[in-house]
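The values are calculated or read from the model by the stated rules, or taken from the named source; none is laboratory data. Keep in mind it's a predicted model, so treat the numbers as computed, not measured. Cβ atoms come from the backbone with ideal geometry, glycine included; neighbour counts cover every protein chain shown.
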Amino acid sequence: MRSNGEIKKVMDAVIKSFQPRAENAAPALERVVERPTREQAEAAAQTLVAWIGDDPNREGLLDTPERLVRALEDFFTGYRERPQDVLGRTFGEIGHFDDLVLVRDIPFYSFCEHHMFPIVGRAHLAYFPTERVVGLSKIARVLDMYARRLQTQERLTSQVVSAIEENLKPRGVAIMVEAEHMCMAMRGVQKAGTSTVTTQFTGVFRDDPAEQVRFITLVRRNNGA
């Protein structure tokens with residue numbers, strides 16, 4: 001196990017690599033953050049254990065930093081995926097089908113970017129295809145791709161819609177996301193069981209209120225609502 005001096009040296013290197021951009025510097029088109037090494041991540045986890053007030057050198061916590069980093073690597077796989085890879089393959093053999101496709105009750109988990117506490121919920125997504133459709137599992141995958149990042153529910157909702165719009169070119173997209181935020185349930189106001197609902201509509205769903213009503217009716221059917 002590293003000494004306190006060794007931990008400080010590693011953490012100083014991490015902090016130095018994350019120095020903020022000067023105010024007068026030109027903004028980049030896409031912010032690229034240098035990824036710390038696994039050793040640096042484990043040292044940060046060890047520091048947090050000590051800051052909480054426990055002994056990172058006791059037997060039960062010796063391997064905790066390594067386990068935590070492995071878990072985070074699995075939780076945040078969305079940073080390593082692109083929507084075009086998920087939605088790139090479509091199918092054109094749909095006959096004369098020209099109505100909406102709805103995938104309902106897709107479970108997901110994410111993490112609040114403000115506190116890094118879990119967000120647990122489900123999403124319902126519908127789209128009006130043009131000439132081609134995508135495999136149903138890909139709808140769930142694109143949701144997971146964005147959910148497995150540090151998120152706000154509002155941005156997650158928008159990102160999923162944008163990915164469907166840009167890659168499938170449908171006549172319209174509708175989404176409803178319902179989730180419980182542990183940062184609200186476990187800390188702060190501590191209101192467990194509170195649900196946050198976000199929606200977004202494009203194309204046919206945005207322009208025709210009747211289609212919005214139909215989408216919501218189909219989502220709520222058999223859900224006890």
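The table that follows gives values for the structure above.
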read-out: Residue in segment 100-115 that is closer than 30 Å to Thr194 by Cβ and of a type in the set (Asp, Glu) present; value: yes
read-out: Some residue of segment 66-82 being of a type in the set (Gly, Ala, Ser), under 25 Å from Gln212 (Cα atoms) and not in a loop (DSSP other than H, G, I, E, B); value: no
read-out: Criterion: assigned by TED's automatic domain parsing to the domain that holds Ala192 and within 21 Å of Met186 (Cα to Cα) - qualifying residue of Ala123, Ala147, Ala140; value: Ala147
read-out: Close pairs (9 angstrom Cβ cut-off, 6 or more residues apart or separate chains): at positive phi in segment 96-111, at pLDDT 95 or above anywhere; value: Asp105/Arg122; Asp105/Ala123; Asp105/His124; Asp105/Val219
read-out: Options Glu166, Glu131, Glu178, Glu211; residue that is acidic (Asp, Glu) and under 24 Å from Asp74 (Cα atoms); value: Glu178
read-out: Selection within segment 73-116 - within 19 Å of the chain's Cα centre (by Cα) and small (Gly, Ala, Ser); value: Gly78, Ser110
read-out: Hits in segment 91-106 (condition: exposed (fewer than 15 other Cβ atoms within 10 Å of the Cβ) and assigned to a strand (DSSP E or B)); value: Phe91, Asp105
read-out: Residue list for segment 182-225, filter: closer than 20 Å to Tyr109 by Cα and of a type in the set (Lys, Arg); value: Arg187, Lys191
read-out: Those residues of segment 32-90 which are among the hydroxyl-bearing types (Ser, Thr, Tyr) and over 30 Å from Val161 (Cα atoms), in sequence order; value: Thr37, Thr47, Thr64
